Structure formats: C-alpha cells, structure tokens
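Below is one structure, written out as structure tokens, with a few remarks after it.
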Amino acid sequence: MSLFQRIKASFRALFPRRYRWPGLDISLPGGQHLHLVGSIHMGTRDMSPLPEGLIARLRHADALVVEADISGNESPFEGLAVPPPLNERLSASQLAELERLADELGLSLSMLESQPLWQIAMVLQATQAQRLGLRGDYGIDYQLLNAARAQQLPIIELEGADSQIALLRQMPNDGLLLLEDTLTHWHTNARLLQTMVSWWLDSPPVVDRLALPATFSESLYDVLMHERNQAWCEKLHALPAGRYVVAVGALHLYGEGNLPSLLR
C-alpha cells in the first residue's frame with residue numbers, strides 16, 4: 001500500500017462515511033476495498049427495493065460476497081437422520097415450554113418431533129420473524145444476490161449453506177443450547193429483530209451509542225459469531241485486490257469481536 005493510500009485509509013478510519021443503511025467501508029493492506037453491509041436474512045415489504053446508493057456500490061464492485069448463496073431452491077436440510085423422540089431429548093419443563101410456544105405459533109409438535117433440536121430452534125426463529133411481518137424475499141442478502149445476478153456480477157461465498165449446516169450438526173447434544181437460548185430469549189429476540197429492521201427503514205445504528213441485548217449464551221456466541229467472524233476475516237484478507245460489497249448478518253458488524261474490529 002502506497003503512502004497516499006495509507007493516509008487516505010487513515011482519514012477514512014477517523015472520519016467514516018455514514019450511509020442510509022447499516023454499512024461501512026474498510027480497506028485492507030492487500031488492496032481489497034470492502035463495503036460491509038449489515039444484512040437481515042428476512043425483511044419487510046418496505047425494505048424493497050434496496051437503497052439506490054447501495055445498488056450503485058454493487059454496480060462498481062468486482063464481486064458480491066455473502067455468507068451463503070441462498071437464492072437456489074434446494075433445501076440444505078435433506079438427508080438428516082431422524083432423531084429420538086422429543087421426550088428423550090428434552091426435560092419435562094423444556095418440552096412443556098416448547099409445546100406452549102409451538103401452540104402459540106400454530107406449529108405441529110409432531111412435525112418438530114422428526115427434527116434435530118438446532119433445526120427446531122431455526123424453525124421457531126423463522127416463524128417468529130414471519131409473525132412480525134418479515135419474509136425471505138425481502139431479505140437484504142436475497143435482494144443483493146438477485147441484483148448481482150442481474151448485473152452478471154461474480155458471487156463469492158464466505159462459507160456456504162452446507163458449511164453452515166455442518167456447523168449446526170456439530171453442536172453438542174443435538175443443538176440443545178441453541179434451542180434453550182431461543183426459548184429463553186424469545187421476547188428479546190423479537191425486539192432485536194424489530195430494531196434491526198429499523199436500521200434499514202429509519203436510520204442505521206450509531207456504533208458509539210449502540211447497546212445490543214444478549215440473545216446467545218457466551219459459549220454459543222463464540223461458535224456462531226466470534227469464530228465465524230475470525231474465519232471470514234481470513235477469507236476477506238485472501239481476496240484478490242478489488243472492490244467488494246460484503247453482506248453479512250447485521251449482528252456480525254456490531255458487538256464484541258465484530259467483523260470490522262477484526263479487519264482493522
């Protein structure tokens with residue numbers, strides 16, 4: 001990196017540009033210029049179309065970088081082994097809470113019986129988002145993927161859906177901790193979803209004043225957030241020099257061990 005580029009990068013770090021969406025710019029020593037976007041995987045109708053400024057960034061990018069390409073129709077859950085009955089995997093109190101929540105959401109407990117606990121947690125979270133008016137078609141990364149394909153822009157995956165499922169399948173006790181956190185932080189997670197939607201509809205967060213509620217236990221946060229951020233950091237440093245729009249879950253941009261802090 002030349003002296004001029006170092007000065008320019010230092011200036012940007014001191015006086016970062018503010019966007020109408022959760023986004024920030026980071027330049028790496030290898031000449032990779034990243035526009036990081038805090039994505040929400042499900043969104044509201046008002047979150048479409050994407051801001052014109054973000055589409056303009058995509059037009060001038062060399063590639064779109066996402067956690068996983070979710071634009072296909074294939075299901076990542078096919079071929080999973082059928083687990084034991086829920087009453088063998090959960091305590092009486094855990095099963096009672098799951099039954100109560102499933103009934104509230106209109107979900108069939110018999111359908112959940114055949115799923116691993118981590119998948120049940122994901123079904124509950126997705127159903128909660130739908131109840132709040134969110135849909136996958138309006139998710140930020142989904143819209144960015146469609147826009148990139150329309151522009152014939154290369155798409156780079158940081159991990160891919162198969163790797164994400166493999167991570168979940170490696171969780172101890174069938175992913176019990178993820179289900180426990182989902183049940184424990186149910187109402188907090190709903191408020192957090194609404195907050196993240198407001199970052200796109202109203203104004204993005206001011207990092208210095210941002211206080212996020214805990215929706216994961218410390219051990220789960222390390223696996224799902226911090227360790228993945230570290231792996232993504234290495235992959236972003238390994239990219240060829242160029243300009244990239246990088247869409248990752250919004251919570252990966254903020255909080256302890258966030259991706260921007262690791263890249264800087």
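The values are calculated or read from the model by the stated rules, or taken from the named source; none is laboratory data. Since this is a predicted model, take the numbers as computed values, not measurements. With ideal geometry, Cβ positions are generated from the backbone for all residues, glycine too; neighbour counts draw on all protein chains shown. For accessibility, only protein heavy atoms count, side chains too; no ligands or nucleic acids. Shrake-Rupley method; radii C 1.70, N 1.55, O 1.52, S 1.80 Å.
One table, with the values for the structure above:
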quantity	calculated
Flag if Ala102 is of a type outside the set (Phe, Trp, Tyr) and farther than 20 Å from Gln130 by Cβ	no
Meets criteria (out of contact with any helix residue (DSSP H, G or I) (no Cβ under 6 Å at 6 or more places or on another chain) and either in contact (Cβ under 8 Å) with a residue 40 or more places away in the chain or of a type in the set (A, V, I, L, M, F, W, C) (or both)) for Arg100	no
Extreme residue, farthest from Asp25 (Cα to Cα), among residues of the stretch 196-234 that are β-branched (Val, Ile, Thr) and outside any helix (DSSP H, G or I)	Thr215
Filter result for the condition that a residue is in contact with a Lys or Arg (Cβ under 6 Å, 6 or more places away or on another chain) and either more than 30 Å from Pro51 (Cα to Cα) or open to solvent by less than 70 Å² (accessible area, probe 1.4 Å) (or both), over Leu167, Leu158, Leu134	Leu158
Residue check for Leu34: touching a residue at least 24 places away in the same chain (Cβ under 8 Å) and in a helix (DSSP H, G or I)	no
Leading residue by the ranking (least open to solvent (accessible area, probe 1.4 Å)) among those in the stretch 217-235 that are in contact (Cβ under 8 Å) with a residue 40 or more places away in the chain and farther than 15 Å from Gly249 by Cβ	Ser217
Criterion: at pLDDT 95 or above, surrounded by 15 or more Cβ atoms within 10 Å (Cβ to Cβ), part of a loop (DSSP other than H, G, I, E, B) and among the aliphatic types (A, V, I, L, M) - qualifying residue of Leu176, Leu193, Leu239	Leu239
Subset tally (residues that are hydroxyl-bearing (Ser, Thr, Tyr) and within 17 Å of Arg243 (Cβ to Cβ)) for the stretch 144-178	0
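For (1) part of a strand (DSSP E or B); (2) within 21 Å of the chain's Cα centre (by Cα); (3) closer than 30 Å to Ala148 by Cα, each residue gets a yes or a no:
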{"residue": "Trp21", "(1), (2), (3)": "no, yes, yes"}
{"residue": "Asp25", "(1), (2), (3)": "yes, yes, yes"}
{"residue": "His41", "(1), (2), (3)": "no, yes, yes"}
{"residue": "Val82", "(1), (2), (3)": "no, no, no"}
{"residue": "Asn87", "(1), (2), (3)": "no, no, no"}
{"residue": "Gln94", "(1), (2), (3)": "no, no, no"}
{"residue": "Glu97", "(1), (2), (3)": "no, no, no"}
{"residue": "Arg100", "(1), (2), (3)": "no, no, no"}
{"residue": "Val123", "(1), (2), (3)": "no, yes, yes"}
